[in-house]
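What follows is a set of notes on a single structure, which appears directly below.
Read-outs throughout are calculated quantities, based only on the coordinates presented, and are distinct from any laboratory measurement. What you see is a predicted model, and the numbers here were worked out from it, not measured in a lab. Cβ: placed from backbone, ideal geometry, glycine included. Neighbour counts: every protein chain shown.
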Amino acid sequence: MPDYASLVDTIVRRLVTNPDAVKVKQDNSDSGAVLVTIEVASEDIGRVIGKKGSTINAIRHVAKAASIKSGEKVDVDVEEK
């Protein structure tokens, strides 16, 4: 299984102003999908989500493109503190 958390972590750390606060977790859900959860500092939430969700949607598309070969379903979510 590819390391989707590492891929998402690399992208998100380059977007935020406080890369040390970035935490990315990867879990398998009951439905068989891979769930990648992003946690960032509160001042960086807007940078990760982007205008009208464009940035988080782009991150989701990259993760889904990486999962095509393995045939897995990947969900990427942002957690607010």
Helix axis angle, 4-15 relative to the chain longest principal axis, alpha carbon, degrees
20 degrees
Checking Lys52, Lys64, Lys23 against a Gaussian network model of the chain (alpha-carbon springs below 10 Å), the top fluctuating residue turns out to be Lys52
Go through 53-59, 25-31 and give me the packing order, highest mean Cβ count within 10 Å leading.
53-59, 25-31
Taking only DSSP H segments of four or more residues, each worth -39500 (n - 2.57), what value at 222 nm results for the chain once the sum is divided by all its residues, to the nearest 500 deg cm²/dmol?
-11500 deg cm²/dmol
Rounded to 5, the percent of DSSP beta bridges in the chain classed as antiparallel:
50 percent
Once the dipole of the chain is set up with Lys and Arg at +1 and Asp and Glu at -1 on Cβ about the Cα centre, which of Gln26, His61, Thr10 lies farthest towards its positive end?
His61
In debye to the nearest 20, how big a dipole does the chain give about its Cα centre with +1 on each Lys and Arg Cβ and -1 on each Asp and Glu Cβ?
420 debye
